[in-house]
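Chemist: The structure under discussion is supplied below as structure tokens; questions concerning it will follow.
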Amino acid sequence: MSSLKELTWEHHKNAERQEFVKELIGGTISKERYATFLFNLHPQYNLLEAFAMIHSILDTRRAPAIHEDYQELWNSDTQPPLLPVVKEYMDHLLSIKEDPAKLMAHIYVRHMGDLSGGQMIAKRIPGEGRLYKFEEEVSVLKDRIRTRLDDSMADEAKICFDFATKMFQQMMDIK
């Protein structure tokens, strides 16, 4: 286990313990509910990845795949509700946009999650699941991310895990 992983383990486990994550992993999530999750995830990834590209620290873009998955699953003329945490997270990203190390901490949490636990989730969600399909080998992408990590990113990674936890909690307020 890497030091960064150890330093953020409790925050990671707290995010995974949320009821919404259990719903994702349980394979019972409806396509409308999963589309609502994707709708809220997309602007977060889109902004994070835009800033990461500016600093040349992005190895894979997930935002386009998230948007495609959402479009596949959402069949209504009205949009799903936008969770309050989305704006909070995006405001936070704006506050760190000039700091590649802090942005990398978010790439670590978000993209490593998609490359790791996301592979299990992919088998249990409705639709194509493009978010969890990568053009390169998962192990290669993970190694590339790991080469840019260091222990100084732990505090910012914890913040990212806390935002993810908050999103999972707010998803439970939508039925």
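Chemist: Note down the Stokes-Einstein diffusion coefficient of the stretch 22-63 in µm²/s, whole number, using a Kirkwood radius over alpha carbon pairs, 10 °C, and 1.306 mPa s.
Modeler: On the way: Rh = 11.7 Å.
This corresponds to a translational diffusion coefficient of 135 µm²/s.
Chemist: Over the chain, what number does the Rg to Rh ratio reach, with both radii from the alpha-carbon atoms and Rh per Kirkwood? Can you show the working numbers first?
Modeler: On the way: Rg = 15.2 Å, Rh = 16.3 Å.
On the Cα set of the chain, Rg over Rh gives 0.93.
Chemist: Can you sort 74, 9 from fewest to most other Cβ atoms within 10 Å of each residue's own Cβ? Mind showing how you got there, number by number?
Modeler: Values: 74 18, 9 12.
Exposure proxy ranking, most exposed first: 9, 74.
Chemist: Can you pull the percent of Cα pairs in the stretch 1-105 with separation above 16 Å? Before the final figure, lay out each step's value.
Modeler: Numbers: 3712 of 5460 pairs.
Result: 68 percent of Cα pairs exceed 16 Å.
Chemist: Would you mind ranking 146, 61, 33 by Cβ crowding within 10 Å, fewest neighbours first? Walk me through the numbers on the way to the answer.
Modeler: Values: 146 13, 61 16, 33 20.
Lowest to highest Cβ neighbour count: 146, 61, 33.
Chemist: Given the -39500 (n - 2.57) contribution per DSSP H run of 4+ residues, what per-residue ellipticity at 222 nm results for the chain, rounded to the nearest 500 deg cm²/dmol?
Modeler: Values: 10 runs with 117 residues, N = 175.
The per-residue figure over the chain is -20500 deg cm²/dmol.
Chemist: Between exposed GluC sites (Glu not before Pro) in the chain, where DSSP calls loop and at most 15 other Cβ atoms lie within 10 Å, what's the longest gap?
Modeler: Answer - 1-97.
Chemist: Related question: Based on other C-beta atoms within 10 Å, arrange 8, 28 from fewest to most. The partial results should precede the final answer.
Modeler: Values: 8 24, 28 10.
Starting with the residue having the fewest Cβ neighbours, the order is 28, 8.
Chemist: In terms of Cα to Cα distance under 13 Å, which aspartates and glutamates are near enough to residue 31, apart from those fewer than 8 places away along the same chain?
Modeler: 23, 69, 72, 128
Bear in mind these aren't lab numbers, they're just calculated from the coordinates by the rules spelled out. For clarity, every value in this text was computed on a predicted model and none was experimentally measured. Using ideal geometry, Cβ is built from the backbone for each residue, glycine included, and neighbour counts are taken over all protein chains shown.
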